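A short worksheet on the structure shown next.
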Amino acid sequence: MIKLVCTYCKQECDSNELHTTCGSCGKVLFPIYDLEKAKEFISKDSIEKRKVFNIWRLHEIMPVYKSIYRISLGEGWTPIVRLSNLGKDLGMKNLFIKDEGQNPTGTFKSRGICAAVSKGLELGVKEFVIPSAGNAGAALSAYTAHASVTAHVFVQQDTPSFIRKEIEVMNGNLILVEGLINDAGKQAKIAQEKYGYFDVSTLKEPYRVEGKKTMGLELAEHFNWTLPDVIIYPTGGGTGIVGMWKAFEELETLGLIDGQRPRMVSVQSSGCAPIVQAFKEGKKHAEVWNNSKTFAAGLRVPVAIGDYLILQSIRESNGTAVMVDDIDIKNSMLKLAKKEGIMLSPEAAATITAVEKLIESSFINPDDKVLLFGTGSGLTTPNEWRD
Ligand SMILES: *Cc1c(COP(=O)(O)O)cnc(C)c1O
């Protein structure tokens with residue numbers, strides 16, 4: 001990493017200092033790497049010999065300089081499973097899921113949080129703060145407990161008791177907030193300003209996206225340095241889709257993949273679909289979604305700071321954005337459990353509903369190689385399996 005650059009106004013800043021958002025325009029900062037130098041160490045052969053199977057596998061293009069700060073609970077390197085039974089029903093030969101439910105704390109949030117906590121440790125941070133729909137708070141509590149530092153977690157009052165307990169038993173300082181995730185975000189910002197905590201809100205600091213980037217690195221390696229035709233991603237704040245798009249760009253510069261990119265598909269619930277609406281209307285930014293309502297808590301994000309980045313990756317890839325109804329998500333959860341033996345959280349199951357819709361609309365062809373992101377395990381949402 002040689003510097004941080006603003007994705008909006010191109011302002012540069014020092015990568016040896018802790019940063020949150022761009023000091024000039026307030027938008028999203030990205031770490032930039034010396035990829036020519038990285039090329040000397042990273043080749044297909046050398047990667048194959050590596051014995052690190054977590055987010056630090058390609059540490060040369062990760063934001064933490066010293067290995068002692070690269071903590072791990074075994075996040076990443078999740079399996080890609082072929083969905084033969086569901087695929088057969090849908091007439092698809094090449095339908096896959098990346099099962100992110102096998103990460104620590106049961107969701108892919110562990111990837112980004114691992115990267116952000118590690119970088120924080122390297123720069124001397126002792127106290128972290130986060131607004132969360134639940135999963136990010138659980139992941140932050142796990143990694144800060146592991147590193148013997150502190151997490152302050154702002155969650156909505158209606159966060160399931162199971163997740164609240166999870167945060168508390170891992171020593172997270174839980175604070176209940178009235179309102180939605182953006183209201184929790186305001187509280188987190190106040191705590192940052194007042195007490196100097198490091199605010200690791202989605203895309204409001206430049207390191208979580210690097211942890212999520214590893215999903216793109218892994219899937220490229222898994223498919224022998226080719227990419228699927230379509231990637232379907234359940235979108236809240238959008239770190240994953242934005243991170244994967246960054247991964248593909250870096251891999252191409254490193255000479256590990258060619259210019260063939262997947263069409264990126266963003267899925268949201270019809271109860272909160274600001275990105276889908278902005279995509280349909282051809283807008284650069286999304287408008288705040290009023291009265292957000294969906295049982296897929298990770299998708300209940302009425303406004304995302306990285307909206308322009310999400311929309312950019314969808315458009316540059318010739319992708320699309322779809323909304324799905326909660327009732328269909330629920331049915332998809334049950335269908336996948338029954339047919340494939342995989343229990344998904346609601347957010348993750350939204351990708352199953354989306355793939356069905358996209359086959360119907362002919363956006364997806366029967367021959368396409370399609371990868372769904374199973375972002376969370378159904379075991380993290382025990383209440384959602386009740387009749
Ligand atoms: C947070 C979350 C999402 C949304 O991820 P973003 O990177 O915020 O778009 C999807 N699924 C699950 C299970 C989540 O916890």
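Quick look at the values:
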{"quantity": "Members of the range 183-198 found to be at pLDDT 95 or above and open to solvent by less than 10 Å² (accessible area, probe 1.4 Å), listed by number", "calculated": "F198"}
{"quantity": "Every residue from the range 203-219 that is more than 12 Å from K98 (Cα to Cα) and part of a helix (DSSP H, G or I)", "calculated": "R208, V209, E210, G211, K212, K213, T214, L217"}
{"quantity": "Total residues in the range 47-61, condition open to solvent by 30 Å² or more (accessible area, probe 1.4 Å) and in contact with a helix residue (DSSP H, G or I) (Cβ under 7 Å, 6 or more places away or on another chain)", "calculated": "1"}
{"quantity": "Residue in the range 230-241 that is surrounded by 23 or more Cβ atoms within 10 Å (Cβ to Cβ), part of a helix (DSSP H, G or I) and of a type in the set (F, W, Y) present", "calculated": "no"}
{"quantity": "Residues being buried (at least 21 other Cβ atoms within 10 Å of the Cβ), among the hydrophobic types (A, V, I, L, M, F, W, C) and within 16 Å of the ligand (Cβ to nearest atom) - total across the range 356-387", "calculated": "3"}
{"quantity": "Some residue of the range 31-46 being of a type outside the set (D, E, K, R), crowded, with 23+ Cβ neighbours inside 10 Å and either modelled with pLDDT of 95 or more or outside the structural domain of L254 (by TED's automatic domain parsing) (or both)", "calculated": "no"}
{"quantity": "Where F96 falls short, out of the listed (1) open to solvent by 30 Å² or more (accessible area, probe 1.4 Å); (2) farther than 21 Å from P63 by Cα", "calculated": "(1)"}
{"quantity": "All positions within the range 247-260 that are open to solvent by 20 Å² or more (accessible area, probe 1.4 Å) and either part of a helix (DSSP H, G or I) or touching a Gly at 6+ places or on another chain (Cβ under 9 Å) (or both)", "calculated": "E249, E252, T253"}
{"quantity": "Contacts under 9 angstrom Cβ, first residue in the range 225-252 being closer than 11 Å to M215 by Cβ, partner among the small types (G, A, S) and within 8 Å of the ligand (Cβ to nearest atom), 6 or more apart", "calculated": "Y233/G240; T239/G112; G240/G112; G243/G112"}
{"quantity": "Any hit, the range 209-232, residues being within 10 Å of the chain's Cα centre (by Cα), modelled with pLDDT of 95 or more, more than 27 Å from K44 (Cβ to Cβ) and not hydroxyl-bearing (S, T, Y)", "calculated": "no"}
{"quantity": "Matching residues in the range 298-316 - criterion: being part of a helix (DSSP H, G or I) and under 21 Å from V155 (Cβ atoms)", "calculated": "G298, L299"}
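Residues are listed down the side, and each one gets a yes or a no for (1) buried (at least 24 other Cβ atoms within 10 Å of the Cβ); (2) in the same structural domain as K194 (by TED's automatic domain parsing); (3) more than 23 Å from Q187 (Cβ to Cβ); (4) in contact with a helix residue (DSSP H, G or I) (Cβ under 8 Å, 6 or more places away or on another chain):
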site	(1), (2), (3), (4)
I113	yes, yes, no, yes
A116	yes, yes, no, yes
K126	no, yes, no, no
P131	yes, yes, no, yes
G137	yes, yes, no, yes
A142	yes, yes, no, yes
H146	no, yes, yes, no
A151	yes, yes, no, yes
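Residue-wise test of (1) buried (at least 24 other Cβ atoms within 10 Å of the Cβ); (2) away from the ligand (no atom under 16 Å from the Cβ); (3) outside the structural domain of T7 (by TED's automatic domain parsing); (4) not aromatic (F, W, Y).
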| position | (1), (2), (3), (4) |
| --- | --- |
| M244 | yes, no, yes, yes |
| E281 | no, yes, yes, yes |
| F295 | no, no, yes, no |
| G298 | yes, no, yes, yes |
| I310 | yes, no, yes, yes |
| R315 | no, yes, yes, yes |
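One line per residue, one yes/no per condition, for (1) in contact with a strand residue (DSSP E or B) (Cβ under 7 Å, 6 or more places away or on another chain); (2) farther than 30 Å from K369 by Cα:
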position	(1), (2)
G87	yes, no
L90	no, no
N103	no, no
S110	no, no
E127	yes, yes
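The values are calculated or read from the model by the stated rules, or taken from the named source; none is laboratory data. Since the model is a prediction, treat every value here as computed from it, not as a measurement. All Cβ positions, glycine included, derive from the backbone under ideal geometry; neighbour counts span all protein chains shown. Just the protein is used for accessible areas: all its heavy atoms, side chains included, with ligands, DNA and RNA removed. Shrake-Rupley method; radii C 1.70, N 1.55, O 1.52, S 1.80 Å.
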